[in-house]
Structure formats: structure tokens, C-alpha cells
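Each value in this text was obtained by applying a stated rule to the coordinates, not by laboratory testing. Predicted model, so just to flag it, every value in this text is computed and none were measured. So basically every Cβ, Gly included, is an ideal-geometry build from the backbone, and we count neighbours across all protein chains shown.
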Amino acid sequence: MLKENKKAKKWTSMLCALVTTSTLLFQLPAISYGAEKNEFSLEQVVVTATKTPVKEFEANANIAVITKEQIAKNHYHDLAEALRSIPGVSIKNYGAVGEGYTANSISINGTSQIVVLINGIRANINGSTFSTFPASEFNALDNIERIEILKGSASTLYGSDAKGGVINIITGKVDGNKTTLTVTGGSYDKENYSLVNQGNCDGYSWIVTSKKDILGNYKDAHGLEVPSHQNATTNTVKITKKINDVSDVTLNYDQYKADYMRSRTNLHLDERHYGNKDNYKWQFIYNYQFADKAQNQLSFYKNKNFLNDDFTSAYNKWLMNLETIGVQDQFTKKINEKHNFTTGFDVYQDRIVDYLDSFASYKDKKITNRAVYLQDEWDVTEQWKLTSGIRYDNHSIYGNHTTPSINLGYKQDEKTNYYIAYKEFFISPNQYQLYSPYGNTKLQPETGHTIEAGLNHKLDNTLTATFHTFKRDSKDVVNWNWTGPGMYDGKYMNVDKEKSHGWDVQLNKTWSDKFKTYLGYTHTIVDAAPGKRKNIDGTLPKGSWNIDMNYQQEKYDFGLQGRGIIDKPGSASGVKGPSFPESTYWIWDASLNYKVNKDVKAFVKVNNMFDKYYAEMSNVKWGNAGEWYTSPGRNYQFGVQYQF
């Protein structure tokens, strides 16, 4: 027995040393699984609404959470799939691969001007791209604790471009010493391999993940085979060192490399667009607990995005090499049981190392933003809560701006609370809008404000309802202004004004400890820009439904998800024909999980189970009638997960 213990300690020490060394050298990473939670309750603790922990029900904000349990049960392939389950979030991808940056985008509350965070640290692609964050590229979901989606302006805390909201991807916490291997196959030559290792020893804890994704040609619901290819590798590392009882340091590293090929539209499948990516992000986070009621977090980070798109084409070649480096600090002090104070600074620099497309070429363009912010949370009484804040930004081109916010919450009782908020924002033009041949160095930054209100109500112990509404006013919105009949005959200009408004309602029902349901509807209206249709030239649906049903019984878990797109006509309806196959449609997905034993799980999932013909992106405005990027028809995936 003594020899066995010595051997065990020896192997544990060797494993600790190996993982620590390899992690520090930026080699592979992992995930965690925790106890089951009520997926649809509003008791989840969130941090994105105020940068301080608060129950979702009492956050006084329109916030949604995707838990690690939901990710595991629904087998989301990437962030884009997960976000499609959230009302008010719109995803637009080119077909199945979703690698191109041109128009693959995320919108919240009718705008793509959002901030994406990883562990509270900025991860936006800033510069010469139309995509804020490549949702289809982020596929290391085995490493996620939860994803918080804050719908509504949040510029005071998160920066000038948080006009529509914030997505905060929070990576996993270590849950024991274990390794998880998942193998998935399915339609379209789909292959996914995921390896996760996590553990702790001698004051270190780590999560290491490595994932391989392969995808081939796919078929749409009309049986048309769409040539495509993806071969991507994702490696992540998260290692934490506990220094003492009041401090620790964490190093996060994410790497994404991919080779891909995408076709054009359903009418031009003979075209081939080849590309590759080599991206990485690293974060260094230092936490220090000054006292029981005071703590500080200091973070350094660097994001690198390299894209070489359509490199076999002499005409359409697109090279993009972007860097963002930054430092941010947050100090939180709980003055007393009713008063919480948060302050910090945020400095980052966006640099275009190299940029080349068919019409533009430039290098070493830099934009720097420096900011400080203050937020005060005050429980005026047991029922009234006042949260106010202000941010001061110093932009290297556009000078100084302040963005205040104020939020008043009223907790009627343990079952009902209300809130109303006023928030301001400003958005500076990016480098392409300034420096490309279509750019305009005389552009002004967009400014505006949002008024929001909401209600959370527990009808009983099993049924919760929420309602939120917003009204947003902007001026000097940067938009493309055509000066001729051609696709590229234009220039970026400031639009006079833009008005948006919307609302959503959500119901969570627990029928029993085995059966739960969720229903959500979102309605969004964005006024038309000059020469365009409303709702971003008809590409944003006026309404969207989300339905989720989950039934669990000992070894089995069954889930059914539906999303309905309501009134998305596109820009060219009545001109060349419809912009999309249908302006209103439903997509349904189903998954079945089976727990073979405590170490082995098997699953099968059917996507687009009713074989709906639809498209998220269209080219009708500049192409031909009926020309769009069709999405995959009915397809299957199946897999096995082994934990040891």
C-alpha cells in the first residue's frame, strides 16, 4: 500500500509538472462539469450587468444565460449555434462553414455594435472587418462555464461600442482531476474530436482543451450540394496559480487555426473561395482581495487576427492582419450592506499590421482609446435600488467623450421587480471607414442614448415571466452612401439620425423535476436609412421566436429547440424578386442523450429536422433573383463522450 501511495504521488507530481510546463509554453488546454442546475430559473448569479455578482432575477437588466449544462445537452458546435437560442440575438452566416468575415455577424437589439468579452476582457475584432466577433470561429465550448448575454446599451462599463449589448464568455472552473474525450461524426463528412484535461496540484489548477473540426460539402433542403470545406484546430489553456489566501494569477491562451473553402451563392457554386486563419488571444489576470469587502483585478491582453481569404484569386484576395493590445483594471469596494462602488480604467490600442483587398492597401494604422469609469450601486431602501455610472473616454482621433448611465430598480416583493434605465453611448468609425478608398477622414463618431425598462415576475414556484422594452436614438450613424449604380460606387458618410425600438417577453415553466419548457419572443424595429429599407435593409427580422423543451429521466435526456424568423424580407423584394427563400420560417433541432454509465455518454442530434429551405445571407441586391447562400437541410450528428 505504501509503494502504491508513493507511485500515485510520483505520477501526480509528474503530471502537475508536465501540465504546468506545457501550459506556460502555450501548449494544449480543458473543461469542467458541475452539479446540475435549473436551466431555466432566474436564480443564476451573473456578473455582466454590473460587473459585480447578482442574481439574474435582481440584475435590473435584460440578461440571458447559456449554461454549460445547456451547451452539453444541446451539443452546440460553436458560439453561433448557442447564440441562436437567445431571443434578441441575430446571427447571419454564409452557409455552413461561416469562416468569411465579410458579413458573418452578431446583432443584439437590432445592431451589430456590441462588445464581446472573454472572462470580462475585450475580444472584439476592431479594424477592417464588418464582423465584431467571429461567432462561428469560437468553438471551444467544452471550456465554457456559462455565456452571459446582456441585451441593452452598456457603454459606461464596457466601452463606446456597446450600443446593442455585451456577450461575456466565461471559461470553466476546475472540477476535480479528470480527462474527457468526445468523438462526433455525422452528415457532410462531419468529424469533431475534443480532448479536455483538468486538475489541480501544489497550488496550480488547469484546464486544457484541444479540438479538431472537419466539415465537407453539404446539401440544402432542395438537395443542392454546396461545395465547402473546413479543417480547423482549436487549442486553449487556462492555468491559475494561487499565490496566497488573498491573491492568484491566471493565464488564458486561445489559438484558432483553419483552412477552409466556401462557394459563392446557390447560383454560382462553381466559384471557389479558399482561405486560412491563424488567430490567438492571451490574457494575464491578477486578482487581489484587499479585505473582505474590497478586491481588485488587473488584466493584460493581446488579440491577434490573421485572415488570408480568397488567396487563389488575383482580384478578390483579402489579407487582414489585426492586433489589439490592452490593459484594464477594476476595483470593487462594498462600503456597507447597501452600498457597492466600482471603478477602473481601460486602455487598448487597435493596430492594422497589414491590410490588402481588391481596392485598398495600407499598413501600420493605429487607434488608441483610454478610459476611466465609475459606478455606484446603492440600495436606497429595501425596495428601491439606484445604480449610476459615468465613463470618460479619450480617443486618439475623436478626443474626449463622456457616457453616463442611470438605472432605477424597484423590488415590489420576492416575486416581482421592475427597472427603468437611461444610457448613453458613442461609437468611433473604424480604420476601414476612415482610410480605405471608400473611407472618409471627416466622419464624425456616432452618438446616442437608450431608454430601457423591464419587469420580472414569478407567477408561482414553477412559472416565471419577464418583459423588456427599449427605445434607442442615434445620430451621425456611419453608413455606406452610394454615389453611382455600381456595387462599389460609394463612400462612407454620416447618416443624420436612426431610431430603433423593440420589446421581448419570455416564459420559463418547470412542469416537474423531469420536464421544463421555455418560450421567448422578440420584436425589433430599426428605422430605414436613406435609400434602404427598415430593419437594416430588411436583413433583420421584425420578430423572432425561441422555444426550448427538455425532458430528463435517469439515463435519458431529450431536448427540442425551435426558432422562428418572422418578417425578414431583405432589401430587394419587389425589385428582382424575393431576397430570401421565405421571409418567415421555423427551424427545429432535437437531441437525445443517453448515459451509458458514470463515465460514458452517447448522443444523437438532428438539425433542421423538418428539412426547411432557408438562407441567412442573400446576394439579390447585386446578383440575380433567387441568389442566396442556402443553409444546410436536415442533417445528423452522433457521438460518444468518455470521461476518465
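Net length available on complete extension from V640 to K241 is 140.4 nm, with 0.36 nm assigned per residue and the Cα-Cα distance removed.
Which entries in the list K55/K173; K241/K514; K365/K475; K281/K601; K257/K491; K73/K219 go over 28 Å, if you measure between the two C-alpha atoms of each? Check vs 28 Å cut-off fails for K241/K514; K281/K601; K257/K491.
Gain on full extension, evaluated as 0.36 nm per residue between T416 and S388 minus their Cα-Cα distance, stands at 7.9 nm.
Taking a ≥ b ≥ c as the square roots of the eigenvalues of the alpha-carbon gyration tensor, the range 45-643 is classed rounded because a/c is under 1.5. Backbone geometry of the range 133-143 corresponds, through the Karplus equation with coefficients 6.51, -1.76 and 1.60 at θ = phi - 60°, to 3J(HN,Hα) couplings of 7, x, 4, 6, 7, 8, 10, 7, 6, 5, 9 Hz, x marking Gly and Pro. Roughly how many nanometres apart are two label points built 7 Å out from the Cα toward the Cβ at Y280 and Y193? About 2.2 nm, to one decimal. Each Lys or Arg adds one and each Asp or Glu takes one away; over the other residues whose Cβ falls under 14 Å from the Cβ of K475, this sums to -3.
Could you give the length gained on full extension between D496 and D460, defined as 0.36 nm per residue of separation minus the Cα-Cα distance, in nm?
Additional length available on full extension: 8.2 nm.
Along the axis of the charge dipole computed for the chain (Cβ charges of +1 for Lys and Arg, -1 for Asp and Glu, origin at the Cα centre), the listed residues S160, Q552, N109 are led at the positive end by Q552. Per residue, the average separation of C-alpha pairs within less than 8 Å and at least 6 apart gives the range 45-643 a relative contact order of 11 percent.
With runs of 4+ DSSP H residues as the only contributors, calculate the mean residue ellipticity of the chain at 222 nm using -39,500 (n - 2.57) per run, divided by the residue total and rounded to the nearest 500. Don't skip to the answer; put the middle values down first.
Working: 6 runs with 49 residues, N = 644.
Computed ellipticity for the chain at 222 nm equals -2000 deg cm²/dmol.
Tell me the label-point distance for the pair N624, I397, using the 7 Å Cα-to-Cβ offset, in nm and rounded to one decimal. Those two pseudo-labels are separated by 3.9 nm. Once both labels are positioned 7 Å from their Cα atoms along Cα-to-Cβ, the gap between V249 and K366 label points is 2.6 nm.
Net charge near D393, counting Lys/Arg +1 and Asp/Glu -1 over other residues with Cβ under 15 Å of its Cβ? Net charge in that neighbourhood comes out at 0. Neighbours of H273 by Cβ distance under 14 Å: Lys/Arg scored +1, Asp/Glu scored -1, total -2.
Note on V353/I214: beta-carbon distance plugged into 1/(1 + (r/R0)^6) with R0 of 35 Å gives a FRET efficiency of 0.75. Normalised by the number of residues in the range 412-567, the mean separation of alpha-carbon contacts (under 8 Å, six or more apart) gives a relative contact order of 15 percent.
Give me the dipole magnitude in Debye, nearest 20, for the range 45-643 about the Cα centre, with unit charges on the beta carbon: positive for Lys and Arg, negative for Asp and Glu. List each step's numbers first, then the result.
Values: 68 positive and 66 negative charges, 27 e Å.
For this selection, approximately 120 debye.
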